Structure formats: structure tokens, C-alpha cells
Amino acid sequence: MTEYKQIILDIADGVATLTLNRPEKMNAFTGTMMLEMQDAFDRTDADDSVKAVIVTGAGDRAFCAGADLTPEDGKHVFSSGEAVEDLSDPRVRDGGGLLTLRLYQSKKPIIGAINGAAVGVGVTMQLPMDIRLASTKARFGLVFARRGIVPEAASSWFLPRIVGLPQALEWCMTGRVFDAEEALRGGLVRSVHEPEDLLPAANALAREIADNTSSVSVAMTRAMLWHNPQYDHPMKAHRVDSRAIYTLSRGADAKEGVASFLEKRAPNYPARVSSDMPAFYPWWDEPGYE
């Protein structure tokens, strides 16, 4: 277990569990939490034993009750607190967005186990997670308009892609808090569970990934599904697909995938995300790759 101040990172049997760990503050988000979560995802990306990451909150009240508005080391969670005239100044960038952009780039699949209240950044930090499960005790609130601000953490990009524009507009413009069943109907979460069943369900899903899939295939698939839909023509996605199929089909994991299927046994994929990703990854950072 890696030691942090405001999160817990526990890695066991191929699954990393990252727990927001400020239960006395309903796991409210701070600059320290942001930096620790970024570091934790650097660790899980670099650790080839990790096949999936679960993110949840400590205690039984909250996943994350939003930003802690108490200044930390004299600084607001989203900025330095200083007046800045140039809006391109790095000090203007919000902490939630710095975190969600890091999660977006994760090479490992991320499963959110939303165990309680999730408000403000407690919701928006979930959006780059690949699969979200909720407890019946979970409550969600994109409350920004009720605080005189706007959705942050790049949620104006993520949220409509996940739940559709009409649902995103309703939740953001009303700023109301809604329950897990509404989150399920709206497509924000995949399933709703009794509190005692939430982490077992998340772990079962993580185990299904860890025990049956190639980590390199999952990392490539995750990147393709997050990045390719933004292209203006399917031909661009076809070029990425073609390069990926051509490259991976000649690799050791494809051989093992076929052999384990024919031999009716569990696979043992040899390729590693840290060293065996295709040479053209990450393709979206290369101008003119298509």
C-alpha cells in the first residue's frame, strides 16, 4: 500500500483500489488530493501488475462532496487566489480539470464505485472513468449554476458524450441534486447496488477485465473509444483501427489469445503496457498521423 495523506492506494491481485480518504470532510476535494490522485495514476500506469483501477470514497456518507472551499496553504483548491490578468496563465487552470485530463490519459481501465454523495467536482471527476457503479445511497449534483459558477473539470466535453446533450443541459442548468436511480436512467452510471454490494460488484467487474483480457489490447481499446469519436469522418478511425489490428495481430498477445481459446484454458498474456504498446501510440499527439 502506498502512503498518501488524503487518498489510499491499495494494489492487490491485479486490481488497484484508490480511495478518497477524508471521511471527516466527506472526502472533499483539495489541491493535495488532486496531486496525490495524479501521482497514483502515474503509479498504476507504470505498474504492469495493475489491470484495472477502482475509485471509491472512504466512509458511508460520501464519494466526494465537492471542493473543500477552505483555503489550503493559503490557496483556493482551483487557483492560487491571486489576481491574474492573462487568462492563459497556468494559475487560471482548475484543479478538477488537471485531474480529469490525467484520468483521461490513463492506460488502465477505471471503474468508479460511487458510494455516497457526489457533488460538484465529486461528479465531474467521475466522467473520464470508463464505468461507474453507484450505491443506493449515492446522490449526484452538478450544482455549479446554484453557486454562481459553471461546470469545470472539462465536464462540458465529457458529460454530453456520456449522457447526451439534453440530459447534460437539464442537470447542469437546474443544478439540482438527483438520486442513483435517476443517474442510472440518464446513463451516468451502469448499475445501482445496495451499499454492501457496491465494492464486490466493482471488484467482480475489475476481475473480469484482469483475468480475461490483454492489458495492451484494453489500453489501446480505451484510447480508441475515447479519442476516435471526435473525428469528423470514420475514415480517420479506420486508419487507427487498421494500424492497431495490423500491429497487435502480429504480437505475442494475439498468439496467446488464439492458443488459449483453442486449448480452452485461461490466457496468460505476455505483453506489457509499460513496454509493448504499438509504436504509433499515442497517435492523437502526432500531427498528420492519419
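List, in order, the whole-Hz ³J(HN,Hα) value for each residue of region 112-128 obtained from phi through the Karplus relation with A = 6.51, B = -1.76, C = 1.60 and θ = phi - 60°; use x for Gly and Pro.
Calculated HN-Hα couplings, in order: x, 10, 8, 8, x, 4, 9, 10, x, 4, x, 8, 5, 5, 6, 5, x Hz.
Please rank 275, 215, 260, fewest neighbouring Cβ atoms within 10 Å first, as an exposure proxy. Before the final figure, lay out each step's value.
Details: 275 8, 215 26, 260 15.
Fewest-to-most ranking of 275, 215, 260: 275, 260, 215.
Using Cβ contacts closer than 10 Å as the measure, can you line up 85, 36, 182, 263 from fewest to most?
Values: 85 5, 36 21, 182 16, 263 9.
In order of increasing Cβ crowding within 10 Å: 85, 263, 182, 36.
Sum -39500 (n - 2.57) across every DSSP H segment of at least 4 residues in the chain, then divide by the residue count to get the 222 nm mean residue ellipticity, nearest 500.
Details: 10 runs with 112 residues, N = 290.
Computed mean residue ellipticity for the chain: -12000 deg cm²/dmol.
Taking the beta-carbon count within 10 Å as an exposure proxy, list 193, 238, 227 from fewest neighbours to most.
Values: 193 21, 238 13, 227 16.
Taking fewest neighbouring Cβ atoms as first place, the list is 238, 227, 193.
Between 268, 203, 21, find the one with the highest GNM mean-square fluctuation for the chain; connect C-alpha pairs within less than 10 Å.
The residue that fluctuates most here is 268.
Just one of [x] 19.6, 65; [y] 23.6, 74; [z] 20.3, 72 is Rg and Dmax of the Cα atoms in Å calculated from these coordinates, so which is it?
Read-out from the structure maps to [x].
For residue 186, list long-range residues whose amide hydrogen, built 1.01 Å from N in the peptide plane, is under 5 Å from its own amide hydrogen.
none
Under the rule of at least 5 residues apart or a separate chain, name every residue whose amide H is placed under 5 Å from the amide H of residue 57.
20, 115
With a ≥ b ≥ c the root eigenvalues of the C-alpha gyration tensor of region 167-235, is it rounded (a/c under 1.5), prolate (a/b larger than b/c) or oblate? All intermediate terms of the calculation are to be shown ahead of the outcome.
Numbers: a/c = 3.95, a/b = 1.13, b/c = 3.51.
In terms of gyration-tensor shape, oblate.
Explain nothing, just compute: Karplus ³J(HN,Hα) = 6.51 cos²θ - 1.76 cosθ + 1.60, θ = phi - 60°, for every residue of region 64-70 in order, whole Hz, x for Gly and Pro.
These are the phi-based 3J(HN,Hα) values: 6, 7, x, 6, 6, 7, 6 Hz.
Relative contact order, percent, of the chain when contacts are C-alpha pairs under 8 Å separated by at least 6 residues? Numbers along the way, then the final one.
Values: 524 pairs, mean separation 44.9, N = 290.
Normalised by residue count, the contact order of the chain is 15 percent.
Quote to one decimal, in nm, the extra length available between residue 12 and residue 258 on full extension: 0.36 nm per residue of separation minus the C-alpha distance between them.
Working: separation 246, 0.36 × 246 = 88.56 nm, distance 2.76 nm.
Between residue 12 and residue 258, full extension yields an extra 85.8 nm.
Say the cut-off is 28 Å between C-alpha atoms; which of 236/264; 51/255; 5/137 go over it?
On the way: 236/264 36 Å; 51/255 20 Å; 5/137 26 Å.
Check vs 28 Å cut-off fails for 236/264.
Quick check: pseudo-label points 7 Å beyond the Cα along Cα→Cβ at residue 3 and residue 242, how many nm apart are they?
About 5.4 nm, to one decimal.
Among 234, 90, 11, whose Cα lies farthest out toward the positive end of the dipole of the chain, if unit charges sit on the beta carbon of Lys, Arg (+1) and Asp, Glu (-1)?
234
Testing the spin-label approximation: label points 7 Å from Cα along Cα→Cβ at residue 60 and residue 147. State their distance in nm.
Going from the residue 60 label point to the residue 147 one covers 2.7 nm.
I want to check the label-to-label distance for residue 47 and residue 161. Put each point 7 Å from Cα in the C-beta direction and report it in nm to one decimal.
It works out to 2.6 nm between the two label points.
Just so you know, all these numbers are worked out from the coordinates, no wet-lab data involved. None of the values given here were measured: they were computed from a predicted structure. Methodologically, a virtual Cβ is constructed for each residue, glycine included, from the backbone with ideal geometry; neighbour enumeration extends over all protein chains shown.
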